[in-house]
Amino acid sequence: DKGGWSSFMAKEINEQPEAVANTVRGRIEGDHVVIPELEALGDDVLRGIDRIIIIACGTASYAGQVGAYAIEQWARIPVEVQLSHEFRYRDPVLSDRTMVISVSQSGETMDTLMAVKYAIERGVKTVSVCNTQSATIPRESDAAVYTHAGPEVAVASTKAFIAQITALYLIGLHLGRVRETLAPEDSAAAVAQFETLPEKVREAVETHDQIAQLAHWMADTRSVLFLGRHVGYPIALEGALKLKEIAYIHAEGFAAGELKHGPIALIDHGQPVFVLVPSPRTAPLMHSKIVSNIQEIRARGARVIAVVEKGDTSVLPYADDVIRLPLADALFEPLLQVVPLQWFALELSTAKGLDVDQPRNLAKSVTVE
Ligand code: M6R
């Protein structure tokens, strides 16, 4: 039941505040994160981990990339993200101190399941971040940290993505506490961010009307680029994937720093570019670098759509459109920035008269390798 929405995807974008709140619920004690499913693995095991590999496909892999920054920062463990279908073929270096965290909405993605089985055979501890209770991947894994986004019907993943980032952050905070790498004040600050996040995600959802206007003007667009830095980079990749999937538009995401190493040659008059601008308060250095990137592409004729935090006026002289989001700490900005990009894909798909929920050639759950 679409509950009055025009598509399941629209309904699910709108459900994102609850997806975050429900994934956090029951996992906070005072100023700390405590995940019972990880506790069950034993603190000694968690203290002994010297490397984490996140395995996932598609949108789940982008959630993994965002999560990797946070886990490294809080738990001081090197984290790498590998696509599930690439994992086995590289004969990965694994030991009994490696932890593999799989991320999967369905818990049935065959590529990810095979990678998890491979890790288990090699004696590695496996943790599953999954949205579907009792799916195959969490059942096979040593621990399951469920996302509580509720059933996701649209092929394009939205609320599951936000819930996956949330769960990976909680895992990072849990590991940081157990390993004593996380300062109590940083733990308290992250917990405080989680408390206000659902309300901020709601505000991000309310960018819909502005984005619908934008998509309306851009209905004939044939190519869109997305730029981000740090945690904004995987969000750029996710914004591009959404557009490919449901609007069948060529789109690419880049790390903003890569621009001058090649992609800037693509910038031509009128080329639309979404730029995810980090907060000038919490990430001043990255912010100033992104503002220079905006100036560079604008000088070459790009049509700049800047996604900024409210009150950041630095981009106004160079942006054609500005999408404003509530203030959040740097690591929490991706959970807000992705929302207007989801709306943009949905609205362009709708403007082209396509089936938003059932894009061509795609299945909700990819159960073949
Ligand atoms: O069920 P999973 O999270 O394992 O699915 C992984 C990908 O197939 C999935 O995220 C896909 O990229 C989505 N259709 C993206 O919107």
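The values are calculated or read from the model by the stated rules, or taken from the named source; none is laboratory data. Please read these numbers as outputs of a predicted model, since none were measured by experiment. Reconstructed Cβ throughout: ideal geometry from the backbone, glycine too, with neighbour counts over all protein chains shown. Heavy atoms of the whole protein, side chains included, go into the accessibility calculation; ligands, DNA and RNA do not. Shrake-Rupley method; radii C 1.70, N 1.55, O 1.52, S 1.80 Å.
Observations
- Multiplying the residue separation of Glu199 and Leu327 by 0.36 nm and removing their Cα-Cα distance gives an extension gain of 45.0 nm.
- Whole-Hz couplings from phi, Karplus 6.51/-1.76/1.60, listed for the stretch 50-58; x for Gly and Pro: 10, 6, 10, 10, 9, 10, 5, 10, x
- Of all DSSP beta bridges in the chain, antiparallel share, percent nearest 5: 5 percent
- Long-range HN-HN contacts of Thr367 with modeled amide H, under 5 Å: Met110
- Percent accessible area from carbon and sulfur atoms, the chain, protein chains only, probe 1.4 Å: 49 percent
- Working from the Cα coordinates of the stretch 256-369, the gyration tensor eigenvalues give, after taking √(5λ), semi-axes of 28, 19, 15 Å in decreasing order.
- A Gaussian network model of the chain, with springs between Cα atoms under 10 Å, assigns the largest mean-square fluctuation among Lys260, Lys200, Lys117 to Lys260.
- Taking 32 Å as the limit for the C-alpha separation, the pairs Lys242/Lys310; Lys117/Lys260; Lys117/Lys352; Lys2/Lys244 exceed it in the case of Lys117/Lys260; Lys117/Lys352.
- Residues with amide H under 5 Å from that of Arg303, placed H, sequence gap 5 or more: Gly270, Gln271, Val273
- 20 °C / 1.002 mPa s Stokes-Einstein diffusion coefficient of the chain, Kirkwood radius on C-alpha pairs, µm²/s: 104 µm²/s
- Highest mean first, the peptides 233-242, 83-92 sorted by other C-beta atoms within 10 Å per residue fall in the order 233-242, 83-92.
- Computed from backbone phi, the HN-Hα couplings of the stretch 84-93 come to 3, 6, 9, 4, 5, 6, 9, 6, x, 7 Hz, rounded to whole numbers (Karplus: 6.51 cos²θ - 1.76 cosθ + 1.60, θ = phi - 60°; Gly and Pro given as x).
- Relative contact order (percent, whole number), the chain, Cα cutoff 8 Å, 6+ residue spacing: 20 percent
- Relative to the dominant Cα principal axis of the chain, helix 110-121 is inclined by about 30°.
- Alpha-carbon centroid distance for the pair the stretch 94-154 / the stretch 43-59, whole angstrom: 11 Å
- Helix-only [θ]222 nm of the chain, DSSP H runs n ≥ 4, -39500 (n - 2.57) each, per residue, nearest 500: -14000 deg cm²/dmol
- For the chain: accessible area per residue (Å², 1.4 Å): 39 Å²
- In degrees, nearest ten, helix 232-247 long axis to first principal axis of the chain (Cα): 70 degrees
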